[in-house]
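A.B. asks: The structure under discussion is supplied below as structure tokens; questions concerning it will follow.
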Amino acid sequence: MKACALFAGIGGLELGLHQHGVTTIATCERDPHAQRVLAQHFPGVDESQRHGDIQGMAALPPCDVLTAGFPCTDLSMAGPRTGITGARSGLVTRLFALLEQAQRAGRQPRWLLIENVPYMLGLQHGQAMRYLTGRLEALGWRWAYRVVDARAFGVPQRRLRVILLASPQHDPRPALLGEDATPMVDDRPQQPLAQVGYGFYWTEGRRGLGWVVDGVPTIKAGSGWGIPSPPGIWDRPAGRIGLPHIRDLERLQGFPPGYTEPALGVDTRGRGARYRMLGNAVCVPMAAWAAERMMADTTDAWPQGGPVATGRSWPKAAWGAPGQAPRSAPVSSWPRTPVPRALLDFLQHPLEPLSLRAATGYLGRLERAEKIFIPPDFLAAVQAHRQRLATSTLDAQSRP
Ligand SMILES: C[S@@+](CC[C@H](N)C(=O)[O-])C[C@H]1O[C@@H](n2cnc3c(N)ncnc32)[C@H](O)[C@@H]1O
């Protein structure tokens, strides 16, 4: 099978597809840093099929699978929340224009694989999903989607994402909805709580912590301040507060370590670009799961839910087809039970200590926090970390 990747980013979806025998033959990605990463890792894509801005892409090449992790900027809680008609997320209209054109030419793909943020299910009373499913049904396609958690695929990162599969000829329901972790996953750590690591957003702290026990919160393209930054980690047994190494961040997204290094060769903004691209990427094992299910041609049964109410938030999983009212599917966000991966065992590099400046700012926000529970041991650990840094800075200054 051959795939064409729209909004390819660094190819998280494509790496997942490759693991199940699908070859990428075309990419469309505007960002020069991401283009450099794609060129390094997908050398088989012909130069004529490396497209830049989707607005200049004339037609889809003949392919079996079309991937489109279209921009979530206007659909995320952290963004302007302008919705599916926003300047960036609205680029998805180009996807449908290209699909309609391929259909007219009699060479539409067999599968479409979309990934985006779950916040879009509720934003503006579910307008984004109404738009996406309406356009798919107008093409005569069947569709199914489901919110899944990256932790279900063996990485210690809490990352919930909507995976949508659609097809003009296949039934996407058995693939996407026909597998569920049974019994329900118990995501509590295997070790005593004093022995595990904790993830948090060090750039936040007033209204939320982003707290994850034995994992990191969603790796994001940008923090609340707009700058890309990794989440913080509290190594509780060692009493350290720091940031994961970029190579561990790559692994937490399922990429091989060093995967985004080619971005450094583009310009001086390459370092920040690596964080941004990783935050934007689809977690590879999540993509691999979708690819495996899609390729398996399974006939697994899926649980039946009720009709989806219009004008409201969409459920966590649903399906539909032309001429049929959408229906929900009562499945969990853990399609499988993973081999548990303890965060601190997963990391291969020492944490980079949170700087004195960052720790001071973070403590200030924690002290002004509104209506959030801050574990007292954690607060004490951040205070101790800051104190250690302040003392060692003073020591260094007083040295002759
Ligand atoms: C959510 S990311 C996609 C992640 C990707 N699917 C992956 O697996 O790594 C969205 C991507 O769309 C790209 N993009 C935004 N506007 C674009 C445009 N006009 N043409 C092509 N790509 C664009 C962004 O640079 C970004 O890499």
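The values are calculated or read from the model by the stated rules, or taken from the named source; none is laboratory data. Nothing here was measured: the structure is a model prediction, and the numbers come from that model. Glycine gets a Cβ as well: all are built from the backbone with ideal geometry, and neighbour counts include every protein chain shown.
A.B. asks: Name the residues in the range 115-150 that are touching a Phe, Trp or Tyr at 6+ places or on another chain (Cβ under 7 Å) and of a type in the set (Val, Ile, Thr), would you?
C.D. replies: Selection gives THR133 alone.
A.B. asks: Further question: Inside the range 204-216, can you point out the residues that are crowded, with 19+ Cβ neighbours inside 10 Å and touching a residue at least 60 places away in the same chain (Cβ under 8 Å)?
C.D. replies: Across the range 204-216, the qualifying residues are GLU204, GLY205, LEU209, ASP214, GLY215, VAL216.
A.B. asks: For the subset of the range 77-91 comprising residues that are more than 10 Å from the ligand (Cβ to nearest atom) and surrounded by 15 or more Cβ atoms within 10 Å (Cβ to Cβ), which member is nearest to ALA105 (Cα to Cα)?
C.D. replies: GLY90
A.B. asks: When residues of the range 322-377 are filtered for being among the hydroxyl-bearing types (Ser, Thr, Tyr), assigned to a loop (DSSP other than H, G, I, E, B) and touching a Leu at 6+ places or on another chain (Cβ under 9 Å), how many remain?
C.D. replies: Here the count works out to 2.
A.B. asks: Of all residues in the range 264-312 being in a loop (DSSP other than H, G, I, E, B) and under 22 Å from LEU13 (Cα atoms), which is modelled with the lowest pLDDT?
C.D. replies: That would be ASP297.
A.B. asks: Any residue at all in the range 66-73 that is in contact (Cβ under 8 Å) with a residue 40 or more places away in the chain and more than 9 Å from the ligand (Cβ to nearest atom)? Spell out how you get there, then give the answer.
C.D. replies: Of the range 66-73, the ones in contact (Cβ under 8 Å) with a residue 40 or more places away in the chain are 66-72.
The next check asks that each one be more than 9 Å from the ligand (Cβ to nearest atom); those that pass are 66.
Yes - at least one qualifying residue is present in the range 66-73.
A.B. asks: Could you check how many residues of the range 94-131 are part of a helix (DSSP H, G or I), more than 16 Å from the ligand (Cβ to nearest atom), over 24 Å from ARG30 (Cβ atoms) and of a type outside the set (A, V, I, L, M, F, W, C)?
C.D. replies: 7
A.B. asks: Additional query: Restricting attention to the range 1-27, which residues are near the ligand (Cβ under 7 Å from one of its atoms) and surrounded by fewer than 20 Cβ atoms within 10 Å (Cβ to Cβ)?
C.D. replies: none
A.B. asks: Does any residue of the range 100-113 turn out to be of a type in the set (A, V, I, L, M) and buried (at least 23 other Cβ atoms within 10 Å of the Cβ)?
C.D. replies: Taking every residue of the range 100-113 in turn, at least one turns out to be of a type in the set (A, V, I, L, M) and buried (at least 23 other Cβ atoms within 10 Å of the Cβ).
A.B. asks: I've got another one for you. Restricting attention to the range 209-244, which residues are part of a strand (DSSP E or B) and more than 22 Å from VAL117 (Cβ to Cβ)?
C.D. replies: Here is the first cut: in the range 209-244, the ones part of a strand (DSSP E or B) are 212-213, 216, 232-235, 240-243.
VAL213, ILE233, TRP234, ASP235, ARG240, ILE241, GLY242, LEU243 - these are the residues of the range 209-244 that are part of a strand (DSSP E or B) and more than 22 Å from VAL117 (Cβ to Cβ).
A.B. asks: A further question follows. Given (1) near the ligand (Cβ under 9 Å from one of its atoms); (2) within 16 Å of the chain's Cα centre (by Cα); (3) assigned to a loop (DSSP other than H, G, I, E, B), identify the lone condition not met by ARG30.
C.D. replies: Among (1) near the ligand (Cβ under 9 Å from one of its atoms); (2) within 16 Å of the chain's Cα centre (by Cα); (3) assigned to a loop (DSSP other than H, G, I, E, B), ARG30 violates only (2).
A.B. asks: Right, here's the next one. Within the range 39-64, track down each residue that is more than 9 Å from the ligand (Cβ to nearest atom) and under 22 Å from the mean Cα position of the chain (by Cα).
C.D. replies: Within the range 39-64, ALA39, GLN40, HIS41, PHE42 qualify.
A.B. asks: Does ARG247 satisfy the condition of being surrounded by fewer than 21 Cβ atoms within 10 Å (Cβ to Cβ), in a helix (DSSP H, G or I) and more than 16 Å from the ligand (Cβ to nearest atom)?
C.D. replies: Spelling it out, ARG247 is indeed surrounded by fewer than 21 Cβ atoms within 10 Å (Cβ to Cβ), in a helix (DSSP H, G or I) and more than 16 Å from the ligand (Cβ to nearest atom).
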